[in-house]
Amino acid sequence: MKAAVITFPGSNADRDLVVAFEAGGAEVARVWHKDTELPEGTDIVGIPGGFSFGDYLRCGAIAARSPIIGSVLRHADRGGYVLGICNGFQVLTETGLLPGALMRNAGLKFISKMVDLNVTTAASAFTGGWQAEEVVRIPVAHHDGNYTVTEDQLAQLRDEDRVAFTYARNPNGSVGDIAGVLSANRRVLGMMPHPERAMVAGHGSVDGSVLFRALVGVMAPA
Amino acid sequence: MKARVHVMLKAGVLDPQGEAVRHALGTLGFEGVEGVRQGKVIEIDLAGDDKAGAEGQVKAMCEKLLANTVIEKYDIEIV
């Protein structure tokens with residue numbers, strides 16, 4: 001399984017994401033935002049956390065228009081997998097690959113802490129290592145994680161079982177306590193919590209490693 | 001020629017920053033502040049003097065980058 005992790009100016013969780021994919025058993029290539037093509041044979045694209053372009057204009061807005069994104073959209077369009085974490089989730093909503101937008105936290109403060117998440121669906125390559133309704137511990141670190149969608153979109157996400165994770169205790173005002181959502185084909189996941197920061201005992205939780213192991217084990221070819 | 005773009009959250013989208021400003025104004029003793037919405041103003045210097053063409057061009061900029069039309073609306077002023 002081949003993963004490609006994109007680095008933008010201001011990404012800061014790119015190396016952690018590389019290590020997490022490798023721990024799951026993937027072969028990982030690193031890609032610069034100015035590259036125009038993903039490496040041949042890429043199965044999954046990782047869009048990391050951080051503060052791409054200093055969060056200028058809107059979080060993820062400039063990154064979502066960078067040269068590599070055309071190739072990411074074509075990859076997703078032909079059924080390739082994409083995982084966007086934190087700033088990566090913001091980038092995915094800005095590209096339109098996922099619905100909604102991530103706004104300033106309701107309490108206006110940057111939140112960095114371990115949180116309990118409900119795994120809302122086990123029916124995806126990302127969440128297949130868990131049982132639905134299982135509670136997992138994964139840290140968040142964000143200022144703009146307040147997920148917003150229209151009522152119609154929320155109903156659609158729920159009807160199609162596309163809410164991947166919800167917060168056990170909503171830290172940021174997200175609609176429906178949503179922490180992560182899937183695309184219609186269930187191969188694109190955006191999530192605010194950082195599974196790549198819950199990989200080994202020293203992180204305080206190893207629950208994130210379940211996601212990477214499951215993902216590498218079950219990914220269907222694009 | 002200059003284009004001025006006003007980007008605001010759409011009606012109905014909660015604006016936590018605007019709310020914080022409203023609270024602060026109340027704390028300072030300003031009475032009767034019923035609501036505050038915070039947005040952005042973006043000024044763009046443009047070559048040429050074709051106002052109609054500029055408006056179309058800036059609209060495309062708004063749709064592609066300057067506003068996130070999922071949550072924001074925009075107004076364009078050519079000055």
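The values are calculated or read from the model by the stated rules, or taken from the named source; none is laboratory data. On a predicted model such as this, the values are computed, not experimentally measured, just so you know. Positions of Cβ are backbone-derived with ideal geometry, glycine not excepted, and every protein chain shown enters the neighbour counts.
Checking the stated criteria, A:Pro139 turns out not to satisfy the condition of being touching a helix residue (DSSP H, G or I) at 6+ places or on another chain (Cβ under 9 Å), in contact (Cβ under 8 Å) with a residue 60 or more places away in the chain, within 11 Å of another protein chain (Cβ to nearest Cβ) and not aromatic (Phe, Trp, Tyr).
Per the listing A:Ala201, A:Ala168, the residue uniquely surrounded by fewer than 23 Cβ atoms within 10 Å (Cβ to Cβ) and touching an Asp or Glu at 6+ places or on another chain (Cβ under 8 Å) is A:Ala168.
Of the residues B:Val7, B:Val70, B:Val79, the single one that is modelled with pLDDT under 95 and under 20 Å from A:Ile62 (Cβ atoms) is B:Val70.
Looking at B:Val41, B:Val36, B:Val13, B:Val70, just one residue is surrounded by 15 or more Cβ atoms within 10 Å (Cβ to Cβ), within 14 Å of chain A (Cβ to nearest Cβ), more than 27 Å from A:Gly70 (Cα to Cα) and free of Cβ contacts under 8 Å to residues at least 40 places away in the same chain, and that residue is B:Val36. Could you list all residues from the stretch B:15-67 that are of a type outside the set (A, V, I, L, M, F, W, C), more than 20 Å from the chain's Cα centre (by Cα) and in a loop (DSSP other than H, G, I, E, B)? Correct list: B:Gly29, B:Glu31, B:Gly32, B:Gly48, B:Asp49, B:Asp50. Of the strands (runs of 3 or more DSSP E) contained entirely in the stretch A:27-104, those carrying at least 3 residues that are more than 14 Å from every other protein chain (Cβ to nearest Cβ) and within 18 Å of A:Met192 (Cα to Cα) fall at A:44-47, A:81-85.
Of all residues in the stretch A:61-95, those that are among the small types (Gly, Ala, Ser) and in contact (Cβ under 8 Å) with a residue 40 or more places away in the chain total 7.
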